[in-house]
Amino acid sequence: MSTQALDHTDVHAHSDHHEHHPETFWSKYVFSMDHKMIAKQFLITGIIMAIIGMVLSVLFRIQLGWPEESFPFLERILGKWAKDGRIDPSFYMSMVTIHGTIMVFFVLTAGLSGTFSNLLIPLQVGARDMASPFINMLSYWFFFTASVIMTYSLMIETGPASGGWTIYPPLSALPKAMPGSGLGMTLWLLSMGLFVASSLMGGINYISTVLNMRTKGMAMTKMPLTIWAFFLTAVLGVLSFPVLLAGVILLIFDRSFGTSFYLSDIYIGGEALPNHGGSPVLFQHLFWFLGHPEVYIIIMPALGITSEIIATNARKPIFGYRAMIMSLIGIAFLSFIVWGHHMFVTGMNPFLGSVFMFTTLIIAVPSAVKTFNYLATLWKGNIQFTPAMMFSMGLVSLFISGGLTGIFLGNAALDINLHDTYFVVAHFHIVMGSSAMFGMFAGVYHWYPKMFGRMMDARLGYFHFWLTFIAVYCVFFPMHFIGLDGVPRRYYAFTSFEFMNEWLVVNQFISIAAIIGSLAQFIFLYNFFRSIFKGEKATQNPWKSNTLEWTTPVEHIHGNWPGEIPSVYRWPYDYSKPGHDEDFIPQTTPYSETISSNIPTDFGIHEEPVKAEEKSN
Amino acid sequence: MNTMTVEQDKFNPRPVKFVLWLFILSSIMMFAGLTSAYIVRQAEGNWKIFDLPSIFYITTVLILLSSATMHYSVLQAKKNNIAKQQIGLWLSFLLGAGFLAGQYMGWQELIANKVYFVGNPSESFVYVISGLHGAHIVAGLLLMVSALIGVYRNISQTKNIFRMELTSIFWHFIDILWIYLFVFLLINR
């Protein structure tokens, strides 16, 4: 413990070193370059965006559940978009589009990675801050501007973008195609351009920090799995977002300068457009080359957070640490060669389709490795049912049920039937949407003491968990059956088609469950914002965890540790090690202090701790 | 222990240099996306064939020369030979600006040959690819300006070399990138 028991006389010398200028309100809370503050900024912006996305989903669920009825209060909220209390069909399309965009990019990419990568990377690898705090700040402000523009687009006269979150041309390329294709689409592109820039700046910083700024003794194979997940997520982002950018640049030229990359032989109102020679499928290739890694960008941080929380709260070492890393790497690699499974029905060569089907189904292997490792970690553990742990186990449940339907959809032959039906909606909302959201909740409950120095209320946490968990299954499970019956997604009303009529009752059930689930989120919001000011004060290491972030003082200081950064001697999962008097041994404890619990493999597999131990002696 | 702390916290150029490499990686991915789109689109037929502007051969020579002068400048900076470093930087800057002007003349040559930005995708692609590469050149020139300002303001030798290294890594990258793009466009017509 020599590194932790530093004399605090160094604090002043140290803070002088870091803070040459006095901290004002603006430099501390607004244009902050401190990774902990930036993490909180990302989280709160993400939460606000999540509320907007959730409200939109409730609004279109009302339309789907009761397509024939009129709700006067809707007219009061939406004005001309809900004349006589009935939602306008084109605004319905807009809401679906913006709900998808906000949830996928703004909440589960920036809100999740932005919050936890920023908070945990420097704290868990033992660094004073990010590689470039300035770029980190820029990353947040680009994200913030993108969020403002996206939200603003909801309020313009012609309505926001409405061609779906995948913005396929020609709906996105021709301003005259539908109301939302005009200014709404322009704002969408502007917002997403800023968003991509923000993601790249963030991701580059995360990678550089993980590779270059680990503290002494923190080998790559001693990093917590959270860091591995954030690191690989950032790699995926850096490799895939530029390709989306390339696709979007071509789209912008098509929209505004009259080129024909994606447009060919189109007639509007009986008149032929001059565009000739383009291919709309080309856009789908470029989009899904990002789009598929993107879903792993969403889920991998959640998986990393879950690994950490499950090991800590099962009081057991994570089962198969190296297998967990290898499966993350496997998922990351495979995610780049499966994009074609979104395009099975675009007239793709069946042979090519079978190649994409093969690579897609292989992803089941690393995913199953992770799932079984979670279950094996829980097996006979001394499980602490904290709210974070509940949400982590909820993630495992959702990841399994959603993953199983992925095997159906990855099959090129079955996909002909299931493509663009509610089966797909059910699949990705469970496996990626809700799971990642559960990972995010787990992370918030677990690291709240680290972020705000206070605890969230556990009772409200359990209440929030059970309502959300049941609501998620009630909302998305019935959708599988609707989809198997062939009901297409994105339709405004089911009542116009004979065979869909019978699903109306199910849709009402789903809508009621969705509304209850949404109301449950207000419990979380109340708990979150109340605890910032009135929560119980947190102790330094409330969950008795091994990782480095819990060796920092509760009060935030710039530079994270007063004095020297602690050195690391062991992996992060020494929980309930036989022979030790406590059920956890922090990474900062040298082997020389734990003679009673050392086992040969501590030294046989990793050789560095032996050297480190000699030095500390 | 204070010395330890200072050692841990002193200016470390490695992470920042790494950030540049990662930026280069993402840039490579963007151009890989564009050139893949080019090939996929070409395979679908209806593809107009035309000659690339002859001035592109000259600009290619210019940017190769500028890489050489950039390298010379870094070597001189490391030898603490500031005057020669300045000459090298100025030469690279002028060659780079010349490259940019040449690319613009190339576009005019294309227009003279009735190859327009708004036309067959094969034509639009040449403008988009060379235009985005041009944007990278502008960024490279700005890095050179920052290095030049550093030299004239007499910043410390460590920082001077750091700026020079960043500039030269990026400049060599966009040089190689142009050669890739030019050869790619020549082969896949």
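The values are calculated or read from the model by the stated rules, or taken from the named source; none is laboratory data. Being a predicted model, the structure only gives us computed values, none of them experimental. A quick note on method: Cβ atoms are made from the backbone with ideal geometry, for glycine too, and the neighbour counts reach across all protein chains shown. Each accessible area value is taken on the protein alone, full model and side chains, heavy atoms only, with ligands, DNA and RNA left out. Shrake-Rupley method; radii C 1.70, N 1.55, O 1.52, S 1.80 Å.
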Residues that are among the aliphatic types (A, V, I, L, M), free of Cβ contacts under 8 Å to residues at least 60 places away in the same chain, away from chain B (no Cβ under 14 Å) and not in a strand (DSSP E or B): does the stretch A:568-585 have at least one?
yes
Number of positions in the stretch A:487-510 that are more than 20 Å from A:THR97 (Cα to Cα) and modelled with pLDDT under 90
8
Unique match (being in a helix (DSSP H, G or I), touching a residue at least 60 places away in the same chain (Cβ under 8 Å) and open to solvent by 10 Å² or more (accessible area, probe 1.4 Å)) among A:ILE305, A:ILE329
A:ILE329
What do you reckon, is A:SER240 within 26 Å of A:SER367 (Cα to Cα) and either free of Cβ contacts under 8 Å to residues at least 12 places away in the same chain or open to solvent by 10 Å² or more (accessible area, probe 1.4 Å) (or both)?
no
For residues that are within 13 Å of chain B (Cβ to nearest Cβ) and either touching a Ser or Thr at 6+ places or on another chain (Cβ under 6 Å) or among the aromatic types (Phe, Trp, Tyr) (or both), scanning just the stretch A:251-268, find the one that is most open to solvent (accessible area, probe 1.4 Å).
A:PHE257
Failed item in (1) of a type outside the set (D, E, K, R); (2) more than 14 Å from every other protein chain (Cβ to nearest Cβ); (3) in a helix (DSSP H, G or I), with A:GLN284 passing the rest:
(2)
For A:ALA5, the lone unmet condition from (1) surrounded by 17 or more Cβ atoms within 10 Å (Cβ to Cβ); (2) modelled with pLDDT under 90; (3) within 14 Å of another protein chain (Cβ to nearest Cβ) is (1)
Across (1) within 26 Å of A:PRO566 (Cβ to Cβ); (2) surrounded by 20 or more Cβ atoms within 10 Å (Cβ to Cβ); (3) modelled with pLDDT of 50 or more, A:MET33 clears everything bar (2)
Let me confirm something: among A:ASP265, A:ASP254, which residue is charged (D, E, K, R) and farther than 28 Å from A:TYR92 by Cα?
A:ASP265
So in the stretch B:103-130, with the set limited to residues that are in a helix (DSSP H, G or I) and more than 23 Å from the chain's Cα centre (by Cα), which one is farthest from the other protein chains (Cβ to nearest Cβ)?
B:ALA112
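Every residue, every condition in (1) part of a loop (DSSP other than H, G, I, E, B); (2) modelled with pLDDT under 95, yes or no:
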| residue | (1), (2) |
| --- | --- |
| A:THR186 | no, yes |
| A:PHE195 | no, no |
| A:ASN205 | no, yes |
| A:THR209 | no, yes |
| A:GLY217 | yes, yes |
| A:ILE227 | no, no |
| A:PHE231 | no, no |
| A:PHE241 | no, yes |
| A:LEU244 | no, yes |
Test A:MET300 against the criterion of being farther than 19 Å from A:LEU378 by Cβ, surrounded by fewer than 21 Cβ atoms within 10 Å (Cβ to Cβ) and at pLDDT 95 or above, and give yes or no.
no
Within the stretch A:197-250, of all residues that are touching an Asp or Glu at 6+ places or on another chain (Cβ under 7 Å) and under 17 Å from A:MET300 (Cβ atoms), the one farthest from the other protein chains (Cβ to nearest Cβ) is A:LEU225
Does at least one position in the stretch B:41-49 carry a residue that is aromatic (Phe, Trp, Tyr) and modelled with pLDDT of 90 or more?
no
Would you be able to tell me the number of residues in the stretch A:511-540 that are farther than 30 Å from A:PHE60 by Cα, out of contact with any Gly (no Cβ under 9 Å at 6 or more places or on another chain) and buried (at least 17 other Cβ atoms within 10 Å of the Cβ)?
1
Given A:GLY202, A:GLY193, A:GLY184, which one is more than 26 Å from A:HIS276 (Cβ to Cβ) and in contact with a Pro (Cβ under 6 Å, 6 or more places away or on another chain)?
A:GLY184
Considering every residue within the stretch B:3-10, establish whether at least one is outside any helix (DSSP H, G or I), open to solvent by 50 Å² or more (accessible area, probe 1.4 Å) and under 30 Å from A:MET201 (Cβ atoms).
yes
Quick test for you: out of B:VAL19, B:VAL61, pick the one residue that is within 23 Å of B:ILE176 (Cβ to Cβ) and surrounded by fewer than 17 Cβ atoms within 10 Å (Cβ to Cβ).
B:VAL61
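Yes or no, residue by residue, for (1) out of contact with any Phe, Trp or Tyr (no Cβ under 7 Å at 6 or more places or on another chain); (2) surrounded by 14 or more Cβ atoms within 10 Å (Cβ to Cβ); (3) touching a residue at least 24 places away in the same chain (Cβ under 8 Å); (4) part of a helix (DSSP H, G or I):
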site	(1), (2), (3), (4)
B:SER36	yes, yes, no, yes
B:LYS48	yes, no, yes, no
B:MET70	no, yes, yes, yes
B:ASN80	yes, no, yes, no
B:LEU95	yes, yes, yes, yes
B:ALA101	yes, no, no, yes
Going by the conditions given, is A:GLY217 closer than 30 Å to A:PRO586 by Cα and surrounded by 20 or more Cβ atoms within 10 Å (Cβ to Cβ)?
yes
Give the number of residues within the stretch A:267-313 that are more than 23 Å from the chain's Cα centre (by Cα), among the hydrophobic types (A, V, I, L, M, F, W, C) and closer than 28 Å to A:VAL104 by Cβ.
3
Does any residue in the stretch A:272-288 that is of a type in the set (A, V, I, L, M) come within less than 7 Å, Cβ to Cβ, of a residue that is surrounded by fewer than 18 Cβ atoms within 10 Å (Cβ to Cβ) six or more places away or on a different chain, and which pairs are these?
A:VAL281/A:THR346; A:LEU282/B:VAL40
When residues of the stretch B:131-151 are filtered for being away from chain A (no Cβ under 14 Å) and either touching a residue at least 12 places away in the same chain (Cβ under 8 Å) or among the acidic types (Asp, Glu) (or both), how many remain?
12
Looking at this structure, is A:SER545 open to solvent by less than 70 Å² (accessible area, probe 1.4 Å), assigned to a helix (DSSP H, G or I), more than 14 Å from chain B (Cβ to nearest Cβ) and modelled with pLDDT of 90 or more?
no
